[in-house]
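Here is the structure we will look at.
The values are calculated or read from the model by the stated rules, or taken from the named source; none is laboratory data. Keep in mind that this is a model prediction, so the values were computed, not measured. We place every Cβ from the backbone using ideal geometry, glycine too, and count neighbours over all the protein chains shown.
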Amino acid sequence: MPISDNLSLQATYAAALDGFVAAYVPARGMGGLLQSYAAVRQMPYFSGPDRTPLAALRSGRGACTAKHIILRDVLRKIGARAEVEIVEGDFASGIPLHATQSPALQAMIRQGGVTDFHCRVRLLQLEGDALLDATWPTELADHGFTVNRQWAGKGDTVQAISLVTVRSRDEDVLGTKARLLAGLSAEMTARRQEFLRLLSGWLAELSPV
């Protein structure tokens, strides 16, 4: 679980993760699975300069990479088998249009074509793997997002990007995603960064922290 090569940061992350589990996941078994998923899902989405899971635990919000690393690690702590899966797709395709969005964000959603390497969790179960996407908190349903309020612990959740290509199930999620992003063209890198900036700014207005 290479969160960082710095042993001090690893210890700090482990302690923060223990605190998260103690606060939000008192159960084990199916109850713990549902609590783990709900606790991470309800963290507001925010793509900032520090996208590590430690930063997300400290601030209480994070983007798909940090949120799904946390979900994987919480699930492992309660005895489940889980991996982070990195998938490639058009991130704009999963974002609904809404009147409160800026004209620039609405234009990018309509145009689409924002290549991103999105993260989700693959829960490994005897009865078949389940794909867990905890990107959007349930409150965003009021703004047109398809959220996972009714997920009961079986089968896949609704995915933030419906059409994707699986790129990795590597333990080093941060390093692998960085390498994948480095392969994007300069034009797509700039487009992706602008889209995430506009999206995060809009979501922060909806759920200020």
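When residue 102 is tested against (1) in contact with a helix residue (DSSP H, G or I) (Cβ under 8 Å, 6 or more places away or on another chain); (2) of a type in the set (Gly, Ala, Ser); (3) under 26 Å from residue 21 (Cα atoms), just one condition goes unmet, and that condition is (3). Within the range 10-43, the set of residues being touching a strand residue (DSSP E or B) at 6+ places or on another chain (Cβ under 8 Å) and over 16 Å from residue 79 (Cβ atoms) comprises 43 only.
Here residue 158 meets each of (1) surrounded by 15 or more Cβ atoms within 10 Å (Cβ to Cβ); (2) free of Cβ contacts under 8 Å to residues at least 40 places away in the same chain; (3) out of contact with any Asp or Glu (no Cβ under 9 Å at 6 or more places or on another chain) with one exception, condition (3). Residue pairs whose Cβ atoms lie under 9 Å apart, separated by 6 or more positions or on different chains, with the first residue in the range 179-199 and in contact (Cβ under 8 Å) with a residue 60 or more places away in the chain and the second loosely packed, with under 15 Cβ neighbours inside 10 Å, are 181/189; 188/113; 191/113; 194/104; 198/102; 198/104. Annotation note: Cβ proximity below 9 Å between a residue of the range 127-155 that is at positive phi and a residue that is at pLDDT 95 or above and not in a helix (DSSP H, G or I) (sequence gap 6+ or interchain) occurs for 144/95; 144/96; 144/97; 144/98; 153/130; 155/130; 155/131.
If only residues of the range 114-130 that are touching a Gly at 6+ places or on another chain (Cβ under 9 Å) and modelled with pLDDT of 95 or more are counted, the one that is surrounded by the most Cβ atoms within 10 Å (Cβ to Cβ) is 116.
Here residue 111 meets the list (1) exposed (fewer than 13 other Cβ atoms within 10 Å of the Cβ); (2) within 20 Å of residue 68 (Cα to Cα); (3) at pLDDT 95 or above almost entirely, failing just condition (2).
Checking the structure you have, find out if any residue of the range 91-109 is on the phi > 0 side of the Ramachandran plot and touching a residue at least 40 places away in the same chain (Cβ under 8 Å). No, the range 91-109 contains no residue that is on the phi > 0 side of the Ramachandran plot and touching a residue at least 40 places away in the same chain (Cβ under 8 Å).
The conditions are (1) more than 23 Å from residue 187 (Cβ to Cβ); (2) surrounded by fewer than 16 Cβ atoms within 10 Å (Cβ to Cβ); (3) among the hydroxyl-bearing types (Ser, Thr, Tyr), and residue 102 fails exactly one of them. Which is it? Exception for residue 102: condition (1). For the range 168-185: of the residues being among the charged types (D, E, K, R) and surrounded by 15 or more Cβ atoms within 10 Å (Cβ to Cβ), which is nearest to residue 55 (Cα to Cα)? The qualifying residue nearest to residue 55 (Cα to Cα) is 177.
Going by the conditions given, is residue 96 surrounded by fewer than 19 Cβ atoms within 10 Å (Cβ to Cβ) and either polar (S, T, N, Q) or under 30 Å from residue 153 (Cα atoms) (or both)? So residue 96 passes the test.
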